[in-house]
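Inspection log for the structure reproduced underneath, given as structure tokens.
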Amino acid sequence: MSAAAAEPAGVPRARMMLQRAHWAATAFADYDYERTRRIVEAVAEEAYRNAQRYAEWAVKETGMGVVEHKRRKNEACSRGLVEWYGDHDYVSARIDPEAKVVELPRPAGVVLALTPSTNPIATVFFKVLLALMTRNAVVVSPHPMARESSADAAHRLAAAAVEAGAPDGCIQAVEEPTIPLIEALMSDPTTDVILATGGVAVVRAAYRSGNPAIGVGPGNVPALVDHTADLAAAAERLMDSKAFDNSILCTNESCAIVEERCAAEFERELHRHGGYVLAPDEVPAVRETLYPEGRIRVDLAGRDAARLAQESGIRVPAKTRVLVAPFPLVVPEEPLAREKLFPLLGLVRVPDARRGIDAARAMLRIGGGGHSAVIHSRDPRAIMAYGAAVQVLRVAVNVGGSTGSSGLDTNLAPTMTIGTGFFGRSSLGENLQPSHLINMTRVAYNSEPSEVFGDFSGLEPWSAAPEPAPVQAPQRSANVDEARDEIRRIVLEELRELVRR
């Protein structure tokens, strides 16, 4: 059996996609800033125009989330993304005469973008636009649960890019993603970098592929509420965050850790803003239903609070947006202390903020290291102590975690890919940005003051060329005429031989 015949179905065609992407990336790397910018803006506008359509399609296809909230994410990751990076240039040379250094942005080449089922379209928009801003080609490999909407979105963006002048093949999508196919794409030498957003298994496979990979880890976000917080605002923001897209973002809060002295008032505020605090006899039913044998019910990810209550056999008010489950201790044996991808919020009371910080650290040891944390407080000392103690790389202050840590409601870089750094065993230590998809070639002059730095003004790196050598007029020699006579003699003899035949 030939090697090609032994490959999983679809792999040969996928390898051709990578080769096509390689060709496109090679051509794209010569584009200047203005040509690149036109393509990015055209693709972003096409994505923005279709934000609602794909939000509806994603919810219908996956059964997860809320259309209105997915639309907001889609808009933020299209026009919003271009507005955020409006004055950034990832194409032109950067010249520093004082340091005598010229920096040349170099695209990665072919980006393999793995996208999840939880935030499918927003992640497609996000990764495609980052690739285009940096003149990379991108092959989107969607999660099988969201493959139809994700592939269609990628094809639509590809058409808009080509119409705006991009090389054909700079955006492609895998139509029938399978595990063997994805593994083959990740390990293919034509893949220059993998952007892995998804479960732990996917990220670890990306790191094992042998190709450069940017992967992220899971969240398990603690939210500390101290007695100095505006409790009404904190409760409202927390409920809004947990209800946002039915808690499908990995930046959503997993547990609220509340000082005892303000806990009763805070619970009343939670109730006022759509939270249902479970009675002591209701918590076991919810725990056993949503975490059977200690494992999260994946089929309930992204479902609303009413569905969670129905599955658990409890009755809640009609306006309930979030189930709140009190439990006493943050320990590994407690499922309610782990990540939640549905509108269920754990609630732990602590004697004071210091003990609250300890509880948050314990949560992050269970899961979510390097990811995100939230604090509601008006005490700078508590906020600083919390930020220094928790092993995460983003702490959202007085804002919902879902939209705060992802940059939608803060001035962090807007993203659908959260780096967890050394704490979370990730190669990325911040929100994924365009700068992570380029390397810089640095042209550095001799630092001696006597060495004069060149004038690079007006030079485009990808079209600049040295002056050609002057063309020398051919020198005629006496041997030239002799050679011509000899050639003429040989030709005539050949012709005579032909005539005799």
Leading residue by the ranking (surrounded by the fewest Cβ atoms within 10 Å (Cβ to Cβ)) among those in the stretch 219-237 that are of a type outside the set (V, I, T) and part of a loop (DSSP other than H, G, I, E, B): D230
Filter result for the condition that a residue is closer than 22 Å to P116 by Cα, surrounded by fewer than 20 Cβ atoms within 10 Å (Cβ to Cβ) and outside the structural domain of M145 (by TED's automatic domain parsing), over I296, I314: I296
Output for the stretch 300-358, where each listed residue is among the aliphatic types (A, V, I, L, M), in contact with a Phe, Trp or Tyr (Cβ under 8 Å, 6 or more places away or on another chain), under 19 Å from V66 (Cβ atoms) and not in a strand (DSSP E or B): L300, A301, A305, L308, A309, V316
The stretch 396-426: number of residues that are part of a loop (DSSP other than H, G, I, E, B) and under 18 Å from T123 (Cβ atoms): 13
Positions within the stretch 205-216 being modelled with pLDDT of 90 or more and either of a type in the set (D, E, K, R) or in contact with a Cys (Cβ under 9 Å, 6 or more places away or on another chain) (or both), in sequence order: R208
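I want to confirm something. Restricting to the stretch 107-117 and keeping residues that are touching a Lys or Arg at 6+ places or on another chain (Cβ under 8 Å) and under 25 Å from V298 (Cα atoms), which single residue is surrounded by the fewest Cβ atoms within 10 Å (Cβ to Cβ)?
Checking each candidate, the answer is A113.
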Segments classed as helices (runs of 4 or more DSSP H), wholly inside the stretch 35-96, with at least 3 members that are in contact with a Pro (Cβ under 9 Å, 6 or more places away or on another chain) and in contact (Cβ under 8 Å) with a residue 24 or more places away in the chain: 51-62, 79-84
Index of the failed condition, M440 passing every other in (1) buried (at least 20 other Cβ atoms within 10 Å of the Cβ); (2) at pLDDT 95 or above: (1)
Lone qualifier among A3, A9, A27, A51 - being over 27 Å from P105 (Cα atoms) and either in contact with a strand residue (DSSP E or B) (Cβ under 7 Å, 6 or more places away or on another chain) or at pLDDT 95 or above (or both): A51
Condition met for L329 (surrounded by fewer than 19 Cβ atoms within 10 Å (Cβ to Cβ), under 28 Å from C262 (Cβ atoms) and not polar (S, T, N, Q)): yes
Residue match in the stretch 224-235 (condition: within 15 Å of V395 (Cα to Cα), assigned by TED's automatic domain parsing to the domain that holds P326 and of a type in the set (V, I, T)): yes
Unmet criterion (only one of (1) surrounded by 20 or more Cβ atoms within 10 Å (Cβ to Cβ); (2) over 27 Å from D358 (Cα atoms); (3) more than 31 Å from the chain's Cα centre (by Cα)) for D245: (3)
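The values are calculated or read from the model by the stated rules, or taken from the named source; none is laboratory data. All values derive from a computational prediction rather than experimental measurement. Because the Cβ atoms are built from the backbone with ideal geometry, glycine has one as well, and the counts that use them run over all protein chains shown.
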